[in-house]
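A.B. asks: I'd like to ask you about the structure that follows.
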Amino acid sequence: MKIKNYDSTDFSRRDFISRTLGGGVACAVAGAIILPLSSVSKPVLGQPTFSVTPLKNNLSIISSSGGNVLVAAHMEQTCVVDGGKKSEAEALLEVIQGIADGPISTLFNSNWRPHHCGLNHLLGPEGASIIAHENTRLWQNNDFVVDWEERHYTPIPKAAQANQTFYKGGSLDLGSETVEYGRISEFHTDGDMYVHFRESNVLYVGDMMAVGEYPLLDYITGGWIGGAQKCTAQLLEMCDEETLIVPAAGPVQGKAALQDQQLMLDHAYEMVANAYRTGRSLDQFMETAPMADYDDVYGNADLFTELLYRGTWYHVPGRAIRGII
């Protein structure tokens, strides 16, 4: 596997032999059936249940309570995007080994959140390349409190932290597949990354897309609305009408869902900008129900609205909102 990091923003495995332990599923994009996909569930007594959904070529998604894990299973080596929860890591690894011929040589962490980094604890000590943005590694090695969660995070073991980091992006060759990865801006955190499988036209966006709920703008670790708008706009530039977009959790999406997210984020920015221009407090802002027009799609907006307001505050001195000195 040839890996190349760069500092600019320029940007088969044989078909699965179907083993049906559960019912079939179909993957829906923007309300339309795009692929008739089979599903493999692996129930293990006392262990989490996983579903395995083939996408195209050698790519598949493993889903569990830890979210979506994207597996590129080539004959000689396997690449994995995100690693689920630590408590599910051993069971997850068993599922991956059941669908992949080669060893896992590369693991991506789309951000620092623990439910993306479970496999780090098994693969890091074994010498696998764990690729993440440098900000993600710094959070993995930090001691901090996320106040809106009321949760204290401590450093994960050194051997489980990302061991190959980048600032803007990089690429690697995986058999006949070119894998490009990079950071656009802050969104959920300041280290969110995408992983783009170019030949397969599959784009893993992690927490830069939320399905059926509002995205989380974790201002404690760098997330905010302006970065979310920028990320969504540039992700859209990478897509065409056939692109399969893989979020951190939930079903595969299409370009239309990302376009809808852009409209929602643009609306959210205008609402919070107006709140700051008119001197509204957080409570006054929330009383206006600024996201009411989008609640039917994204659900309860209370947490999103709070994070939207608090995160924007840190960017006001940088003239992120026009008309405020």
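Quick note: the coordinates plus some simple rules give every number you see, no bench work behind them. Since this is a predicted model, take the numbers as computed values, not measurements. Here Cβ is always computed from backbone atoms with ideal geometry, including for glycine, and neighbour counts include all displayed protein chains.
A.B. asks: Compute the Kirkwood hydrodynamic radius of the range 43-174, taking the inverse of the mean of 1/r over all pairs of distinct Cα atoms, and give it in Å to one decimal. Please list the in-between numbers first.
C.D. replies: Values: mean 1/r = 0.0660 Å⁻¹.
About 15.1 Å, per the Kirkwood formula over Cα pairs.
A.B. asks: With only alpha-carbon pairs counted, each pair once and no self-pairs, how large is the Kirkwood hydrodynamic radius of the range 141-237 in angstroms? List each step's numbers first, then the result.
C.D. replies: Numbers: mean 1/r = 0.0667 Å⁻¹.
So the Kirkwood estimate lands at 15.0 Å.
A.B. asks: Moving on. Which entries in the list 168/255; 86/168; 86/255 go over 30 Å, if you measure between the two C-alpha atoms of each? Numbers along the way, then the final one.
C.D. replies: On the way: 168/255 23 Å; 86/168 28 Å; 86/255 32 Å.
Cα-Cα > 30 Å for 86/255; rest within.
A.B. asks: Using a 10 Å cut-off on Cβ atoms, rank the peptides 151-159, 293-301, 248-256 from the highest mean neighbour count down. It would help to have the intermediate numbers written out before the result.
C.D. replies: Working: 151-159: 12.8, 293-301: 14.4, 248-256: 20.0.
Order by mean packing, descending: 248-256, 293-301, 151-159.
A.B. asks: In nm, give the distance between the simple-model label positions of residue 141 and residue 316, each being 7 Å from the Cα along the Cα-to-Cβ direction.
C.D. replies: Going by the 7 Å Cα→Cβ label model, 3.5 nm.
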